[in-house]
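Structure first, commentary second.
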Amino acid sequence: MSRLYVARNPRVAARSLDGEMMIMSGRDSTLFTLNKTATILWQAADGATPLDEIVSEKICREFEVQPGEALHDAETLARELADHGILQISEQPISPTTSMAGGSR
Amino acid sequence: MSGLLEEMTERALAKNIPLTVQLDLTYRCNERCVHCYLDHDDHGEMTTQEIKQLLDQMADAGVFILTLSGGEIFLRKDFFEILEYARWQRQFCVKLKTNAIMIHEREAARLRDIGVESIQISIYSHRPEVHDGITLVPGSLQRSLDAARFLKSQGLRVIFANVLMVQNLQDYQGVRTLAGEMGVECTLDPTITPMMDGDRSILSLAVDHNALQKVFRDQGLVGDVDEFCTIAAPGDDNSLAALPCSAGHTACYVSPYGDVFPCVQFPLPTGNIRKQRFLDIWRYSDQMNDVRSIRLKDLTTCTSCTHVTSCTRCPGLAYMEGNMRGPSSQDCEKSFARTGVPSANMLAKKRTSANLIQIQVLPAAGNAPVSGAIA
């Protein structure tokens, strides 16, 4: 089974407010807030760490969830965030150069 | 304001976080607008490094929406370096205010690549002779409009900002029509701000009562005229406990020299980032906390005014009139023009001026004055 890599889209604006991320899409200026789980995923999305590792190292340690269930939920969340242009997902590691060139308004 | 942004602002307010900052990068300008409140000489702007350090501090303090303005921001040779740093290193949501006359295809494409939320361009008229007569730069309207087209062609959000004054009173509809044709947004502001050194002479450019009345009854501008012009219900304990505006609460302003103020229109110095950390000024400045302490119920004169809960009263303009807890006469004029009901401040001034009228019955020869001469 291939691994999934996630990277923050540098085109969005983002700030942590009281522990939750506030994110404005660079695509259409829509504002989103991420809950604590999504915030952990966002902050760990460096393009180099596979999603399953983020789940086991960051999310499962923070919350009492089964790794399989957590990974399934994290994949769903990552794809939703990617649909909004907030995250980039790939089956290959995502380099900063690649992510910088991604997407336009 | 969107529901989510409103919710975020509420949370920022509760946590004392400066969610929004306007940072003027320079007061230098390549236009000489007749109504401008700035001194355009450079008195020691922050260096690139100082600005980057400030951006670091502001990001750490929780600032999310960063408006870069001036002066003309594109006059700074390091403008794109600062913008890239703000966007790519510190992930601010960046808005720009500019006259845009230095923006060509290349700059527009670069702004698209960096990613800015919006670009606000000052457009005072659809007629070159009027716009250029205000900016005092021949050809400036054409250059600003060309820039707006370059930016639109890159898919960027453009907003025309029109300041209403005596010179362009007849042209705001023309600007709106032009904006509509170009697919850009348009704002109209009848406020003329006194010079930052306190000189109020440029207030003579402000439009008069009749013109304001006409603007406030323009359905295309205000929507439902009856609703817009209605007199608000009297203030109750809840509404009088409200904050006057966001200045010092979730927003502030930083000048090119590092001075921090509650708002761009509120020249009360609260500290300088060359001497203190941004967050320390924001949290601990006596002046900032003084501004923060004001509620509608604390205002002199205004608390008893019919318009207290619906007035656009600007505490910065009030401060420039001498009392940040006092009325702002320009906003009194707006409330009056909108509703037809004079403000408490206007009535008080009328009483004062009535008391100053000197009517003296000339005494008959050899008699003492009949009525007391006043002052």
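B:N238 satisfies every condition listed in (1) in a helix (DSSP H, G or I); (2) surrounded by 10 or more Cβ atoms within 10 Å (Cβ to Cβ) except (2). Against the conditions (1) surrounded by fewer than 21 Cβ atoms within 10 Å (Cβ to Cβ); (2) out of contact with any Ser or Thr (no Cβ under 8 Å at 6 or more places or on another chain); (3) over 22 Å from B:Q265 (Cβ atoms), B:F79 satisfies every one except (1). Residue count for region B:151-204, restricted to those that are in a helix (DSSP H, G or I) and within 14 Å of chain A (Cβ to nearest Cβ): 3.
Would you tally the residues in region A:14-30 being in contact with a Ser or Thr (Cβ under 9 Å, 6 or more places away or on another chain), within 19 Å of A:A44 (Cβ to Cβ) and facing another protein chain (nearest Cβ under 7 Å)? The number of residues fulfilling the criteria is 2. Can you confirm whether A:V6 is crowded, with 17+ Cβ neighbours inside 10 Å, away from chain B (no Cβ under 14 Å) and not charged (D, E, K, R)? Yes. Among the residues making up region B:44-90, those that are away from every other protein chain (no Cβ under 14 Å), within 21 Å of the chain's Cα centre (by Cα) and not small (G, A, S) are B:E72, B:I73, B:F74. For A:L34, are the conditions met, namely being facing chain B (nearest Cβ under 8 Å), more than 22 Å from B:G155 (Cα to Cα) and surrounded by 15 or more Cβ atoms within 10 Å (Cβ to Cβ)? When the stated conditions are applied, A:L34 does not pass them. Here B:L4 fulfils each of the conditions (1) part of a loop (DSSP other than H, G, I, E, B); (2) within 14 Å of chain A (Cβ to nearest Cβ) apart from (1). Of the helices (runs of 4 or more DSSP H) lying entirely inside region B:270-329, those containing at least 2 residues that are in contact with a Cys (Cβ under 7 Å, 6 or more places away or on another chain) are B:315-320.
Here, each number is a calculation from the coordinates, and none is a lab measurement. Note that the structure is predicted; figures quoted are calculated from it, not measured. We place every Cβ from the backbone using ideal geometry, glycine too, and count neighbours over all the protein chains shown.
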